1. For E:Gly54, are the conditions met, namely being buried (at least 24 other Cβ atoms within 10 Å of the Cβ) and over 30 Å from D:Cys224 (Cα atoms)?
2. Any residue in the stretch A:38-52 that is at the interface with chain B (Cβ under 7 Å from one of its Cβ atoms) sitting within a Cβ distance under 9 Å of a residue that is part of a helix (DSSP H, G or I) and among the polar types (S, T, N, Q)? List the pairs, counting only those 6 or more apart or interchain.
3. Can you find even one residue in the stretch E:39-47 that is of a type in the set (Ser, Thr, Tyr), surrounded by fewer than 24 Cβ atoms within 10 Å (Cβ to Cβ) and more than 25 Å from E:Asp159 (Cα to Cα)?
4. Hey, among C:Val161, C:Val156, which residue is touching a Phe, Trp or Tyr at 6+ places or on another chain (Cβ under 7 Å) and more than 30 Å from D:Pro117 (Cα to Cα)?
5. Please determine, by comparing only the residues of the stretch A:74-112 that are of a type in the set (Phe, Trp, Tyr) and either crowded, with 24+ Cβ neighbours inside 10 Å or not assigned by TED's automatic domain parsing to the domain that holds A:Thr36 (or both), which one is nearest to A:Ala246 (Cα to Cα).
6. Give the residues of the stretch A:145-155 that are out of contact with any Ser or Thr (no Cβ under 9 Å at 6 or more places or on another chain) and either within 21 Å of A:Arg135 (Cβ to Cβ) or not hydroxyl-bearing (Ser, Thr, Tyr) (or both), sorted by residue number.
7. Of all residues in the stretch C:31-46, which are over 13 Å from C:Val6 (Cα atoms) and aliphatic (A, V, I, L, M)?
8. Quick one: would you say F:Ala181 is surrounded by fewer than 23 Cβ atoms within 10 Å (Cβ to Cβ), away from chain E (no Cβ under 14 Å) and modelled with pLDDT under 95?
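The values are calculated or read from the model by the stated rules, or taken from the named source; none is laboratory data. Bear in mind the structure is a predicted one, so any value in this text is a computation, not a measurement. Cβ placement follows ideal geometry from the backbone for every residue including glycine, while neighbour counts extend to all protein chains displayed.
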6 protein chains.
Amino acid sequence: MRILLVNPNMTQSMTDKMAEIARQIADGRAEIVPITAPSGFPYIASRAEAQIAGAIALEMIADNLHDIDAVIIAAFGDPSLAGARELFDVPVVGMAEAAVMTAAMLGERFSIVTFSPVMTRWYTDCVSDTGLASRFTGVRTPKTHLSDVANAARDVRADLVALARRAVADDGADVVILGGAPLAGLATEISADVPAVVIDPIAAAVAQAIALASLGSRFADRACKPIAKTSSGLSAALAAVIAQGA
Amino acid sequence: MRILLVNPNMTQSMTDKMAEIARQIADGRAEIVPITAPSGFPYIASRAEAQIAGAIALEMIADNLHDIDAVIIAAFGDPSLAGARELFDVPVVGMAEAAVMTAAMLGERFSIVTFSPVMTRWYTDCVSDTGLASRFTGVRTPKTHLSDVANAARDVRADLVALARRAVADDGADVVILGGAPLAGLATEISADVPAVVIDPIAAAVAQAIALASLGSRFADRACKPIAKTSSGLSAALAAVIAQGA
Amino acid sequence: MRILLVNPNMTQSMTDKMAEIARQIADGRAEIVPITAPSGFPYIASRAEAQIAGAIALEMIADNLHDIDAVIIAAFGDPSLAGARELFDVPVVGMAEAAVMTAAMLGERFSIVTFSPVMTRWYTDCVSDTGLASRFTGVRTPKTHLSDVANAARDVRADLVALARRAVADDGADVVILGGAPLAGLATEISADVPAVVIDPIAAAVAQAIALASLGSRFADRACKPIAKTSSGLSAALAAVIAQGA
Amino acid sequence: MRILLVNPNMTQSMTDKMAEIARQIADGRAEIVPITAPSGFPYIASRAEAQIAGAIALEMIADNLHDIDAVIIAAFGDPSLAGARELFDVPVVGMAEAAVMTAAMLGERFSIVTFSPVMTRWYTDCVSDTGLASRFTGVRTPKTHLSDVANAARDVRADLVALARRAVADDGADVVILGGAPLAGLATEISADVPAVVIDPIAAAVAQAIALASLGSRFADRACKPIAKTSSGLSAALAAVIAQGA
Amino acid sequence: MRILLVNPNMTQSMTDKMAEIARQIADGRAEIVPITAPSGFPYIASRAEAQIAGAIALEMIADNLHDIDAVIIAAFGDPSLAGARELFDVPVVGMAEAAVMTAAMLGERFSIVTFSPVMTRWYTDCVSDTGLASRFTGVRTPKTHLSDVANAARDVRADLVALARRAVADDGADVVILGGAPLAGLATEISADVPAVVIDPIAAAVAQAIALASLGSRFADRACKPIAKTSSGLSAALAAVIAQGA
Amino acid sequence: MRILLVNPNMTQSMTDKMAEIARQIADGRAEIVPITAPSGFPYIASRAEAQIAGAIALEMIADNLHDIDAVIIAAFGDPSLAGARELFDVPVVGMAEAAVMTAAMLGERFSIVTFSPVMTRWYTDCVSDTGLASRFTGVRTPKTHLSDVANAARDVRADLVALARRAVADDGADVVILGGAPLAGLATEISADVPAVVIDPIAAAVAQAIALASLGSRFADRACKPIAKTSSGLSAALAAVIAQGA
């Protein structure tokens, strides 16, 4: 089984870190094929950026889909998830959606803890988009934005533990999602300090990608696929997928 | 007052038709500045296409924002509306959202009637995104997709009237929105045949753009703007807006 | 274009202040025809009062509808809005609903800031009635009721700015509505002090009334109009409208 | 125990019929004090009429509250229910709300069957106002409006049975409410023909009024009561209640 | 009229206290038949315990249903309420549901105040199950769990009054439910200290049981009853009910 | 990895069929340990039966939890899922919930197709309990109940395909869940005949159980666990778990 891990951010070190965790979770059950966005932004943090990076992600998927059994869109806001599901005949997993669905199967109410207040609105919208807002107890973040996002897992670790504990005690969460690619890998490190199940979104995404691919679902001939379209300015591979249609 | 009418579709004749109606509604109160997508698709009809065309629309806005008082994203699914609102310091109006909000002020329950079943899911999601699903009675369409979208308003006019009448009688709608750019201008032609208020989305969008611009709201210094970001591969104007940040 | 501005409160000075702002927004595009309730209450602040003042408002509209293109019910709880829409063949705008719909087109999440905790429950219900509760971050007010409502805009200005800033920082609002007729005109004065779009409901109502009237919608023959009814004890004009029916 | 049965409609024969059923349900446990609206409409069937008749009902209650232990607003749309609860220090029961709450305790999903399509939208809104829309399977009615509302229970009895059976079989209702004062008394006549619990709203309202009064709740000093207000044009009794305030 | 008061907890003193209050409310209108769980738990406080105690309650009802006009499941989380309604041809009242429905007829927004934070999640789910979450302002409890649940009403009385007052002032509740069997009887003692209607769930349940039984609804032949089933390991009486089916 | 497959129904042939499919999906990645209810019902089809069988399932789990990495409750209504999650320190997967969550990651809107109208209400409630009702297009079933449930997959196969096709064409589903243990294995047989992804709930449950177990989450010390309780009448193993508490 081969899983395409699409990082719509341009930061290679994030891709490397996520691929490392992905391979631990896959544990030989799947080959991880990581790719990093060739253009766009170092780290997506807004709807405007997700609009643009999501379009780039569609091209990245189309260009690398050969022999792939499942795709992970490895950015917490799941840019272009709905569009990718329309176009491609394999399971497409969003990192945020996978974390949320996984959380909802490991407990009753989940919280998201992340490294920056800048992400709160977007992450909240992500949860709403999954349909599971009724089981969501909210986002908790430090009060100020970190200038150095890359080292967030190291620099605000104690804050994140404290926030996770408050999510449990004050908000009633029994599952805590550590949101955002810069926190990849932190869940296992802090889980003993938090009286709840702690979820690493990239781990959840890999577990879900393998689970979905193992079902062997038939995606061809789906009635929901877009009708065939001509296009202008797209990569050849993406233009070809869109030209084919339902 | 100058209003930028952004058609994220590549079809110039649609832009022309919408600009004509826009100028009728503006009636001298505003100058209409229409632009047509230079790349993308002839006519957006899926989430995948909206992902891509929305990214193009952000560049179209950034490139043409000088001396503009309000922006209309003139495609019924409102591609990149959330992102455009984050980035630009003027009112940004989505054609679907404007139609829905207008409908909710002209009656209690609104329906969307459109020319193709292909649009149903996307339009339904658009209404959910506005938050007004509780006042929505659903989408009604002919059973099959028209190959010639451009002449939909002429070719399926009788069907659309019948569908609108059923939306009133069977679904309880007291406002009917004629969704999709190809139906621009049809509302006034058929309103006497439908026992409900009938809305033309481009007309509603123009009326709302003028209304919002007339309030003279202050958009600078909004806390919700994305933080400054470097980028790669964007148009110079869009990159500059994103580089500036909140 | 002539717009009937119906103040269901008996306080003439409120009517005068709202008419002044209305004329600024109309800016020559419409004539404002203000009327003040001849009976009822100085200032409506409960559902019981809205029940009674709303019935009076229906008579005020029926008595003054000649040559009118749109009606504004100029009290923040929108008394009798649903009933007025059933009866009259012109756009009817509620001040609260117009503010809420306008807010939802200028941003993503809106808050209401007002001068008294007494209004909180009613205003919350107003938002629910619009259908847009999912985009609402709540009402913020000073802790105690002002005895002198008329000068609220002057007396608690600093408090209101602080509340608006908290609505942005703590509740995630990017639009703040200054609710209640006594705050008419305050929005433009404080908007530079609040990192969000600030909305004056009477301004929003006038902008919406002009927008809706500019669409030239056809209201006659709507299937949703009540059937003809005899009545007893109503003003002659209102009785005549109700006697006519659908 | 004395229960004030307020008919906001002007039709005395409806009051008589409802009082008769009320006395059967009360069965000696409570005295029924019926009053009929002195002005307004023969039979309320719209939001506009409910606005006006509700204001009249508040005066009817204030004028007759002496020695009363509970109030029933005996019209299916519950005109002025929220306002009456604010003002008066006894339980106030709405006929629709009581039927809905009772239905929700006798089964899982309830339907409303009534005599005219004219009532559908208003009754649907009534259910939404109770908060129980998620357990509601909708309104079913004959296709056309009866000119003779008074004899609806006799004239369309077979139709109503058939509609109730469809509500069970097609909509999944296990409780059916026969909505509207003209159907008072019909529930017991047809219950053997419907494979569900059948509810007569006036019976439910009386049972609930006795239940609520039997609890002996303390209404004085509630924080939710409106603050004291002067007024103009109200009956002396209502003006006095409103002048007293919280 | 005879009402079966089923305590799914094993604590006889709770049954005795609830029966005493039930008889006060019934006031001669109904005979109260109290029974206590023969196995299970001293006091149910989790979903796991409710799963087990609910199965025991179904047997308790089946074994004691002779000559009974209504059943009360006298534990605040309403264990097995949905199942009991399917099986038995009399009104079945849940103590939590009855309190919630009663609250919604005595005011607009209700809060639950209880003696232990351990109950918060379960009680919140109970309210959601009724469908009335939109009128619910939340659960307030002391911060720590009491070891001696039996004397909660005495030991934390002052705390509960303070919590109820905060529910009114901070959460906007106008009705406060004192949740949990250990608080039975406290409502009348503290109601003068709380500026809201205060509800004792067992009192509400009895009032509702009498109200529902007084309607004389027909439960036989309901289409919603389960189809006949064989079973193994159930009490003879319960097996017989299930063997009979719809 | 060892997965306990708990069939709360007493029918061994169902357990055998589900274990066979489970082993296909596991494909060597996990050992499947199937157990069948020793008492209760041949096939659960109501809330009453789920109440009882769920209590039995808790004992089945407690008695067999040694060396188990994840538990599947293998009945479509997920009896005792919430309770089992409280008590046991491993992932617990409900067959319905797993199917629903999986569906929501393979498409946008899912339908349930099952073999009997008797299941409709319960399955609908199951979806509501997951929180994903907004993405659910409803249950479709044949019009009459099959007397021979065991052979449903064979006897009504053509009907089920037709219902699935209507769920896609009329309801807009892009994923179809074949609900109910008697349909285990049918999904792969009919998927080529349905223009949507088709899900077998037992396959989804196994894939999810492996996914959740692969995350290695820490369940000990969760704050949400019930407090320790004495009990009477439970199996020794279950009593011991409950006696231990949080």
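1. Values: buried (at least 24 other Cβ atoms within 10 Å of the Cβ): yes; over 30 Å from D:Cys224 (Cα atoms): yes.
For E:Gly54, the condition - buried (at least 24 other Cβ atoms within 10 Å of the Cβ) and over 30 Å from D:Cys224 (Cα atoms) - is met.
2. The qualifying pairs are A:Gln51/B:Gln51.
3. Start the filter on the stretch E:39-47 by keeping residues that are of a type in the set (Ser, Thr, Tyr), which leaves E:39, E:43, E:46.
Now narrow it down to the ones that are surrounded by fewer than 24 Cβ atoms within 10 Å (Cβ to Cβ): E:39, E:43.
Still in the running and more than 25 Å from E:Asp159 (Cα to Cα): E:39.
For the stretch E:39-47, residues of a type in the set (Ser, Thr, Tyr), surrounded by fewer than 24 Cβ atoms within 10 Å (Cβ to Cβ) and more than 25 Å from E:Asp159 (Cα to Cα): present.
4. On inspection, the qualifying residue turns out to be C:Val156.
5. Here is the first cut: in the stretch A:74-112, the ones of a type in the set (Phe, Trp, Tyr) are A:76, A:88, A:110.
Filter once more, so that each one left must be either crowded, with 24+ Cβ neighbours inside 10 Å or not assigned by TED's automatic domain parsing to the domain that holds A:Thr36 (or both): A:76, A:110.
Details: A:Phe76: 29, A:Phe110: 37 Å.
Residue satisfying both the conditions and the ranking: A:Phe76.
6. Here is the first cut: in the stretch A:145-155, the residues out of contact with any Ser or Thr (no Cβ under 9 Å at 6 or more places or on another chain) are A:147-148, A:151, A:153-155.
Once the filter is applied, which keeps residues that are out of contact with any Ser or Thr (no Cβ under 9 Å at 6 or more places or on another chain) and either within 21 Å of A:Arg135 (Cβ to Cβ) or not hydroxyl-bearing (Ser, Thr, Tyr) (or both), the stretch A:145-155 yields A:Asp148, A:Asn151, A:Ala153, A:Arg154, A:Asp155.
7. C:Ile44, C:Ala45
8. Working: surrounded by fewer than 23 Cβ atoms within 10 Å (Cβ to Cβ): no; away from chain E (no Cβ under 14 Å): yes; modelled with pLDDT under 95: yes.
Judged against the criteria, F:Ala181 is not a match.
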